[in-house]
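**Q** Handing you this structure, nothing more for now.
The values are calculated or read from the model by the stated rules, or taken from the named source; none is laboratory data. Because the structure is a prediction, the values reported are computed rather than measured. With ideal geometry, Cβ positions are generated from the backbone for all residues, glycine too; neighbour counts draw on all protein chains shown.
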Amino acid sequence: MTKAQSLWNHGVKIGAIGGVSVLIIALVGMIESFGKRDIISGILPMGIAMALIICILVAYIAANKTPICEKSVKFANAVISGFVTSGFLALLVAIGRSFNIRDMFVGASPALYKALTAGIAGAGGIFLILAVGLICGIFAGILIILNDLPRKLIINALATIFVLGLLQELIIPIFKSWDFGVTNYLGKLFYTQNGLTIFGTVLAAVIYCIISLLWKANQDTIKTTYKDLPKGTRKKVKTFGFFVLAVFLIVLPQFLGLFLSEVLTIVGLYILLGLGLNIVVGYAGLLDLGYVAFFAIGSYVVAILTSPEIFSFGFNFWQALPIAVILGITAGVMLGIPVLKMRGDYLAIATLGFGEIIRILVLSDFLKPWLGGAQGIGAIPNPNFMGFQMVKPQHIYYLILAGCMLVVFISIRLKNSRLGRAWMAMREDEDVAQAMGINLVATKLFAFATGAGFSALSGAIFASKIGSVYPHSFNLFISINVVCLIIIGGIGSLPGVVVGAAVLMGLPELLREFAEYRMFVYGAALVAMMLLRPEGLWPEARHKIELHGDDETQTQTAA
């Protein structure tokens, strides 16, 4: 490939893709809506920060994908790509100021043009957009030619600043709730009423760089020292680490307010769901899109047994819980039997149909006398633990935490067991696994049953938490959300499930003013993950090797 072809294919074409992407977020109203909050107070609105991130990211990708190893060509591709990306926004402003295009694009408002041009009228605003795109391209080009350490420091420091600005509505109330003079001073040092202070921005970047450099300088020593410890001592260190983590999780709700505790309970429920689906999808490789059905079964069983609205069985939560889990496991086996011979897309379609069947059944008038129909079932009592009524989110948090710890323990034991190895062999190749003597029927049924039991457990807690169940609470999007969080976190990875749930379920709850763009962000996040980090945010070691083993081999060969 010649240099001219590279500049066209990797500079102009990738820049055009970035231009279309930034046009989309502008025309759907994201830049204008997100501009109400600043990342850096009075300097960098969140909407503009998103556009800048896309411009820099596209320019970086263009340079990184350049097959020619010359740094000058990579740098040129980055500059061209950043300039082309900004050119689309400049063209939008030029057309929007000359013609009324708001009938076709509601988001093409004067406020958008003002935000993009920083209020500069005429050609000056358009030239500003092009100049900023050029600067973004130059910045990405510099990053690509830097050594690995300074590049990572700069990228991660900027990411730290963005996250601190993004989560200001979470961090500021925590500082205020602690009610210590030092924390209040730190809050004012870092934040204004809307965004980070300039001093806080610089300080956050410096602190991150210092911590990263200290870790970089000492990580080999720490790892070597740990490996040289006797086996018994290493076990004690691990135990102490788990103890510290447990203490942190136990005291966490005491330092958070009511709203943040509620967010934690939502994330915890999705962690439970994700851990169950991780068994089916991550361990066994069976794509289940009807997973919400077992969640609904667990919820409705607890509702029927504990609520006096339809029947008066008089069960409490703890009596109904094992029944809900057992019936969930039974439903998992019943689903597994007819789909034993299905694979891939056909299995996904069949399980999707099962989930819709359960939702329509609980919504039907035929079963209304037993399941409540569209009105659902209310008056579900809260869990009672040794005379203590679990009413507040802080109380439900501990119930969910106990459930998560139990499910994590079971998942770890299963993964390292003979059954877990059979699941992984089946995930790689069913025919080879069967030839090696693995009973596919029993192995698949165990996977469906285990995942369904965990889902029913989550559903049981969900019903007792909100005090009522409705058919519309168990739609297809629940299953899609759980699949998404597994993909984002890392298929087959237990820590990845936690990270995925926090990112996909926690952040939207913390940023409720932008909830209308939730599904848009879901789609964009999935596309970005598949392109940039297909193994997930916290991947399983085996899955990471499968995806990047060839890259590592090539790197070692080149070295």
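**Q** Being crowded, with 18+ Cβ neighbours inside 10 Å and assigned to a helix (DSSP H, G or I) is the filter here; which residues of the stretch 382-407 pass it?
**A** Answer for the stretch 382-407, where residues must be crowded, with 18+ Cβ neighbours inside 10 Å and assigned to a helix (DSSP H, G or I): Pro393, Gln394, His395, Ile396, Tyr397, Leu399, Ile400, Leu401, Gly403, Cys404, Val407.
**Q** Further question on the same structure: Residues being of a type outside the set (Val, Ile, Thr) and in contact (Cβ under 8 Å) with a residue 40 or more places away in the chain: count how many of those fall in the stretch 134-156. Working first, answer last.
**A** Just the residues of the stretch 134-156 that are of a type outside the set (Val, Ile, Thr), to begin with: 134, 136-137, 139-141, 143, 146-153, 156.
Keeping just the survivors that are in contact (Cβ under 8 Å) with a residue 40 or more places away in the chain gives 134, 136-137, 139-141, 143, 149, 152-153, 156.
Final tally of qualifying residues: 11.
**Q** Another one. Residue check: is Ser468 surrounded by fewer than 20 Cβ atoms within 10 Å (Cβ to Cβ) and either under 27 Å from the mean Cα position of the chain (by Cα) or not aliphatic (A, V, I, L, M) (or both)?
**A** Details: surrounded by fewer than 20 Cβ atoms within 10 Å (Cβ to Cβ): yes; either under 27 Å from the mean Cα position of the chain (by Cα) or not aliphatic (A, V, I, L, M) (or both): yes.
Spelling it out, Ser468 is indeed surrounded by fewer than 20 Cβ atoms within 10 Å (Cβ to Cβ) and either under 27 Å from the mean Cα position of the chain (by Cα) or not aliphatic (A, V, I, L, M) (or both).
**Q** Still on this model: Within the stretch 98-133, restricting attention to residues that are touching a residue at least 40 places away in the same chain (Cβ under 8 Å) and part of a loop (DSSP other than H, G, I, E, B), which residue is surrounded by the fewest Cβ atoms within 10 Å (Cβ to Cβ)?
**A** For the stretch 98-133, the residue satisfying everything is Val106.
**Q** Is it true that Ala62 is more than 20 Å from Phe162 (Cβ to Cβ), at pLDDT 85 or above and outside any helix (DSSP H, G or I)?
**A** Answer is no for this residue.
**Q** Residues of the stretch 343-381 being surrounded by 16 or more Cβ atoms within 10 Å (Cβ to Cβ) and more than 26 Å from Leu305 (Cβ to Cβ), which ones?
**A** Result: Leu347, Ala348, Ala350, Thr351, Leu352.
**Q** Let me ask something else about it. Checking the structure you have, find out if any residue of the stretch 219-226 is in contact (Cβ under 8 Å) with a residue 12 or more places away in the chain, out of contact with any Lys or Arg (no Cβ under 8 Å at 6 or more places or on another chain) and of a type in the set (Asp, Glu).
**A** Step one: of the stretch 219-226, the residues in contact (Cβ under 8 Å) with a residue 12 or more places away in the chain are none.
Among the residues of the stretch 219-226, not one is in contact (Cβ under 8 Å) with a residue 12 or more places away in the chain, out of contact with any Lys or Arg (no Cβ under 8 Å at 6 or more places or on another chain) and of a type in the set (Asp, Glu), which makes the answer no.
**Q** Being in the same structural domain as Glu262 (by TED's automatic domain parsing), closer than 25 Å to Ile310 by Cβ, within 23 Å of the chain's Cα centre (by Cα) and not aliphatic (A, V, I, L, M) narrows it down to one of Phe409, Phe454, Phe462, so name that one.
**A** Phe462
**Q** Now for a different question. Look through the stretch 288-311, keep the residues that are crowded, with 24+ Cβ neighbours inside 10 Å and of a type in the set (Phe, Trp, Tyr), and return whichever of them is modelled with the lowest pLDDT.
**A** Tyr291
**Q** Can we say Gly119 is within 18 Å of Pro45 (Cβ to Cβ) and under 32 Å from the mean Cα position of the chain (by Cα)? If you could, list the steps in order and put the result at the bottom.
**A** Working: within 18 Å of Pro45 (Cβ to Cβ): yes; under 32 Å from the mean Cα position of the chain (by Cα): no.
It is false that Gly119 is within 18 Å of Pro45 (Cβ to Cβ) and under 32 Å from the mean Cα position of the chain (by Cα).
**Q** What tally of residues in the stretch 2-39 results from selecting those that are of a type in the set (A, V, I, L, M), surrounded by fewer than 15 Cβ atoms within 10 Å (Cβ to Cβ) and part of a loop (DSSP other than H, G, I, E, B)?
**A** 0
**Q** Do we find a residue being under 24 Å from Ile486 (Cβ atoms), in contact with a Pro (Cβ under 8 Å, 6 or more places away or on another chain) and of a type in the set (Gly, Ala, Ser) anywhere in the stretch 344-351?
**A** Pass one, the stretch 344-351, residues under 24 Å from Ile486 (Cβ atoms): 344-351.
With in contact with a Pro (Cβ under 8 Å, 6 or more places away or on another chain) added as a condition, the list becomes 350.
This time we only want the ones that are of a type in the set (Gly, Ala, Ser), so: 350.
Scanning the stretch 344-351, I find at least one residue that is under 24 Å from Ile486 (Cβ atoms), in contact with a Pro (Cβ under 8 Å, 6 or more places away or on another chain) and of a type in the set (Gly, Ala, Ser), so the answer is yes.
**Q** Identify all residues within the stretch 433-486 that are part of a loop (DSSP other than H, G, I, E, B), in contact (Cβ under 8 Å) with a residue 60 or more places away in the chain and not aromatic (Phe, Trp, Tyr); write none if there are none. Before the answer, list the steps.
**A** Applying the first criterion (part of a loop (DSSP other than H, G, I, E, B)) to the stretch 433-486 yields 436-439, 467-468, 470, 475.
Cutting the leftovers down to in contact (Cβ under 8 Å) with a residue 60 or more places away in the chain gives us 467-468, 470, 475.
Within the stretch 433-486, Gly467, Ser468, Asn475 meet the criteria.
**Q** For the stretch 229-312, please list each of the helices (runs of 4 or more DSSP H) lying entirely inside it that holds at least 3 residues being more than 22 Å from the chain's Cα centre (by Cα), farther than 16 Å from Gly403 by Cα and among the aromatic types (Phe, Trp, Tyr).
**A** Details: elements: 231-255, 258-277, 292-306.
Per the criteria, 231-255.
**Q** Answer yes or no as to whether Asp38 is acidic (Asp, Glu), out of contact with any Cys (no Cβ under 6 Å at 6 or more places or on another chain) and touching a residue at least 60 places away in the same chain (Cβ under 8 Å).
**A** On the way: acidic (Asp, Glu): yes; out of contact with any Cys (no Cβ under 6 Å at 6 or more places or on another chain): yes; touching a residue at least 60 places away in the same chain (Cβ under 8 Å): yes.
Spelling it out, Asp38 is indeed acidic (Asp, Glu), out of contact with any Cys (no Cβ under 6 Å at 6 or more places or on another chain) and touching a residue at least 60 places away in the same chain (Cβ under 8 Å).
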